[in-house]
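Okay, so here's the structure we're looking at.
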Amino acid sequence: MKKSVLGALAVSTMLSPVAAMAETEVQFWHAFTGRLGELVKAQVEEFNASQSDYVVVESHKGNYSETLNAGIAAFRAGEQPHILMVFEVGTATMMAAGGAIKPVHEVMAESGASFDPDAYIGAVKGYYTSTDGQMLSLPFNSSTPVLWVNRDAMQAAGVDPDTDLSTWQQVGETLDALKAGGEDCGLVTAWQSWIHLENFSAYHDVPFASKDNGFAGLDTELMLNGEAQIAHLTAMGEWAKDGKFIYTGRRNEGGANFRAGECALFTESSAGYAGISSEAEFEFDVRPLPYWDGVGNAPQNTIIGGASLWVMSGHEDAEYKGVGEFLSFLSSSDVQASWHQNTGYLPITAEAGVATRAAGFYEQNPGTDIAVIQMTAKEPTANSKGLRLGSFDQIRGIIDEELEGIWSGDKTAQEAMDSAKERGDALLRRFEAANR
Amino acid sequence: MEKRVTFRGWLLPLLLIAPQVVISAVFFFYPAGQAIWQSLFIPDPFGLSSQYVGLGNFEFLLGDKFYRASFVTTAVFSILVTLCSMIPALFLAVIADRLIKGSGVYRTMLIWPYAVAPAIAGVLWLFMFNTRVGVVSWYLGQLGYDWNHVLNGGEAMGLVVVASAWGRISYNFLFFFAALQAVPRSVIEAAAIDGARFWRRFWTIVLPLLSPTTFFLLVVNVVYSFFETFGVIHTITAGGPQQSTTVLVYKVFSDGFVGQDLGSSSAQSVILLIVVGALTIIQFKFIEKRVHY
């Protein structure tokens, strides 16, 4: 039955004078809805219209975790898409699944599409590159944490809105001044583990985990209970106790408070730009993420969050050619520059950043280049290339739990991080066992 | 002497029970068997390789003090959800039963919450109790109480219990109400003539006559609080703060679908299967003895 339908299709295709050659279909599963979903759709349509050999079919498969699960389930059933969007914490899972993926550098080499690995920004591609420098997945949407400032709230509390907030020492003094000035929500944060541990470690050039943060092997152990991290979390814990840092939840719940104008300072992704600029009814500023002066090599560079595109194994060569063309199209300067300007995500190539600056975008939208500068100011080190830890979504959950222990005053920073290390390491050992 | 209908031959009885057997096999025995089998391995998420670990997954779980603590959390949570969903339901049913006018409207209104999906119910409660913008937490703030379920484990537990029990009250109400209607009027009237007041009649006549329903609801609600509440927990607390609302079934979900750790997730399902099986047996063996049909 199935065969005869296929046969009929083949015959009708051959007979049809228009489609002299059948277009090859490329399935692309992603996790974007709303405005981002529309932008992805537009990119795909532009690609499809630009040539006639391949048709990219995009489909939304839920949030990041759900998309990864859909990809995994589909692979088990032999129905995997060609391109799967996977968020950065799923990177180690994908890398370990050697038989399920086809590295991007291989796809590009075989497809003959134009591909220059050096065109990509080091700190962005580093997250998705093997230890020997080969690109495994194509960075798609990447952002990095920055400090958002509510200038009106600063003013209302009698604090100069132009106060230097480059270091946490200065932020600490400002929080005191804000509190003295009657501000009841000095600092709020989104994604606490990502910003205050993962990025914190990279920014101060101290390890988050052994084995180059997991890049050099599965036998990695967490090192988030180091001196620098403990000092930072202890300070944050003090601020929480004094009501200067308000904890609102594990994800980006704090964004609602900041956008409503309730809080003076907010550590959040640079991609928060779209939401804040459209909702905030106050003057705001973007500043680089603060660092502790004199700790480690701060400021090193921050690392990214977001997702990359993985190519799944088990498809025809002709289809991979199409995948290569599409990925090459996505990396082109024009596509990247417009993506960067529309979303607040970082451009993945240096060229797109240059084009954006040349177009005067940063002057019209001050602060949108801070994330780019913060990421690219220094060459990444082994501690600031990124993280590659198995079961990392779950480990983040553990870190969240332990951080809550600090904010509520139940645990000291040292106790909490020692426990996070012990529990996280147990998961890392299981991941190692599963991928031996 | 018990009366039994007997069939001659095998074919017809086999045919008659076949659908039930097939459904049980496909939807229960097969998945349960799979879970038991998979609990002996640590597979990678893509199913490319699998390490046989024997009872290693169970050892790993039972050696984890957070997993053991989640048994206690689950017990507290289940008991609270069951009580909070049954007692108000019975109370409302008794009142509705005594209503003469407008009982139809009253009943319909009470059934509404049951139509709200658990995850949506979770979001509703989350909005009301949001620590900074929630209506209820604002009023509590006015009264001088600083509500903060994102850091206070007790408040978080209270919130997920209320959110889980709320929709369930409707379901229980329906059953209690139907059972109350079935209590013979003559018995109650006889007691009334003998001088028994309302509460005495309720304790000595109505409640014992309700016992089959109460028992049924007890079993169903315990199973509900074990298995169907993770949507509410996921939306409200995601198991936090710290581990204060991580119940067993939530951990099965998060290890399996967030952590991609199918071995541990399967082992947890097996443990959960044993726990709920044991609970149901206990309920039928000991509590059912006190039920009068």
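Rule-based calculations on the coordinates, nothing more; no lab input. Everything numeric in this text was worked out from a predicted model, so none of it was measured. Counting neighbours? That spans all protein chains shown, and the Cβs are built from the backbone with ideal geometry, glycine included.
Of note:
- Of A:LYS61/A:LYS385; A:LYS61/B:LYS251; B:LYS251/B:LYS289, those spanning more than 31 Å from alpha-carbon to alpha-carbon: B:LYS251/B:LYS289
- Rounded to two decimals, the Cα radius of gyration of chain A over 2.2 N^0.38 Å is 1.04.
- Averaged over the residues of B:45-55, the number of partner chain Cβ atoms lying within 10 Å of the residue Cβ comes to 6.
- Fewest neighbouring Cβ atoms within 10 Å first, the residues A:TYR247, B:TYR114 line up as B:TYR114, A:TYR247.
- Cα gyration tensor shape for the protein assembly as shown, rounded if a/c is under 1.5, else prolate or oblate: oblate
- Relative contact order (%) - criterion: Cα under 8 Å, at least six apart; region: region A:39-128: 15 percent
- Part-to-part distance (alpha-carbon centres) for region A:310-324 and region B:14-61, which is given in Å: 34 Å
- Placing +1 on the Cβ of every Lys and Arg and -1 on the Cβ of every Asp and Glu, with nothing else charged, gives chain A a dipole about its Cα centre of roughly 1140 debye.
- By the Cβ distance rule (another cysteine Cβ under 4.7 Å), the unpaired cysteines of the protein assembly as shown are B:CYS84.
- Packing rank of A:298-305, B:17-24, where each peptide gets the mean count of other beta carbons within 10 Å, highest leading: A:298-305, B:17-24
- For chain B, the calculated P(r) over all alpha carbon pairs, in 10 Å bins from 0 to the bin holding the longest distance, is 6, 20, 26, 24, 16, 7, 2, 0 percent.
- Three-way shape label, region B:120-217, alpha-carbon gyration tensor, a/c 1.5: prolate
- Derived scalar couplings between HN and Hα for region B:205-211 equal 10, 5, 4, x, 6, 7, 4 Hz in order, rounded to whole Hz, by the Karplus curve 6.51 cos²θ - 1.76 cosθ + 1.60 (θ = phi - 60°), x for Gly and Pro.
- Proximal lysines relative to A:LYS244, as straight alpha-carbon distance under 28 Å, when same-chain residues fewer than 8 apart are discounted: A:LYS179, A:LYS411, A:LYS421
- Loop-located trypsin sites (Lys or Arg not before Pro) across region B:96-157 with a Cβ neighbour count of 10 or fewer within 10 Å are B:LYS101, with loop assigned by DSSP.
- Mean shadow area of region B:213-293, taken as a quarter of the surface of its Cα convex hull (nm²): 6.1 nm²
- Shielding by other protein chains, B:127-134, mean Cβ within 10 Å: 3
- Surrounding net charge for B:SER211, when Lys and Arg each add one and Asp and Glu each subtract one, Cβ distance under 15 Å: +1
- Of the residues A:LYS378, B:LYS251, the one with the fewest other Cβ atoms within 10 Å heads the list, and the complete ranking is A:LYS378, B:LYS251.
- In region A:201-255, the trypsin sites (Lys or Arg not before Pro) that fall in loop regions by DSSP, at most 16 other Cβ within 10 Å: A:ARG251
- Proximal charge balance of A:GLN134 [Cβ under 15 Å; K/R count +1, D/E count -1]: -1
- A simple rule links phi to the HN-Hα coupling: the Karplus curve 6.51 cos²θ - 1.76 cosθ + 1.60 with θ = phi - 60°, which for region A:232-249 gives 5, 5, 5, 4, 4, x, 4, 4, 5, 5, 7, x, 8, 10, 9, 8, 10, x Hz, with x for Gly and Pro.
- Amide H contacts under 5 Å for A:ASP205: A:ASN297, A:GLN300, restricted to partners 5 or more places along the chain or on a different chain, H placed in the peptide plane at 1.01 Å from N.
- For A:ILE101, the residues whose amide H sits under 5 Å from its own are A:SER313, ignoring neighbours fewer than 5 places away on the same chain, with H placed 1.01 Å from N.
- Cα pair count fraction exceeding 24 Å, expressed as % - region A:324-436: 54 percent
- Binning all Cα-Cα separations of region B:4-118 at 5 Å, short to long from zero, yields these whole-percent fractions: 2, 8, 8, 9, 9, 10, 11, 11, 13, 11, 6, 2, 1, 0.
- Counted charge near A:ARG388, where neighbours are those whose Cβ lies closer than 11 Å (Asp, Glu -1; Lys, Arg +1): 0
- Residues whose amide H falls under 5 Å from that of A:VAL57, counting only those 5 or more places apart or on a different chain, are A:VAL26, A:GLN27, A:PHE28, with hydrogens built in the peptide plane.
- Positive-end extreme of charge dipole, chain A - chosen from A:HIS30, A:SER419, A:ALA74 (charges on Cβ): A:ALA74
- Evaluating 6.51 cos²θ - 1.76 cosθ + 1.60 at θ = phi - 60° for every residue in region B:128-140, the Karplus couplings come out as 5, 9, 3, 5, 10, 10, x, 5, 5, 5, 5, 4, 4 Hz, glycine and proline recorded as x.
- Shape category assigned to region A:206-335 from the gyration tensor of Cα positions, a/c cut at 1.5: oblate
- Computed from point charges on the beta carbon alone (+1 for Lys and Arg, -1 for Asp and Glu), the dipole magnitude for region B:67-290 about its Cα centre is near 640 Debye.
- Relative contact order, percent, chain A [alpha-carbon distance under 8 Å, six or more residues apart]: 24 percent
- Dipole check for region A:80-133: with +1 at the C-beta of Lys and Arg, -1 at the C-beta of Asp and Glu, and the Cα centre as origin, the magnitude is about 160 Debye.
- Cβ crowding within 10 Å ranks B:VAL270, B:VAL26 as B:VAL26, B:VAL270, fewest other Cβ atoms first.
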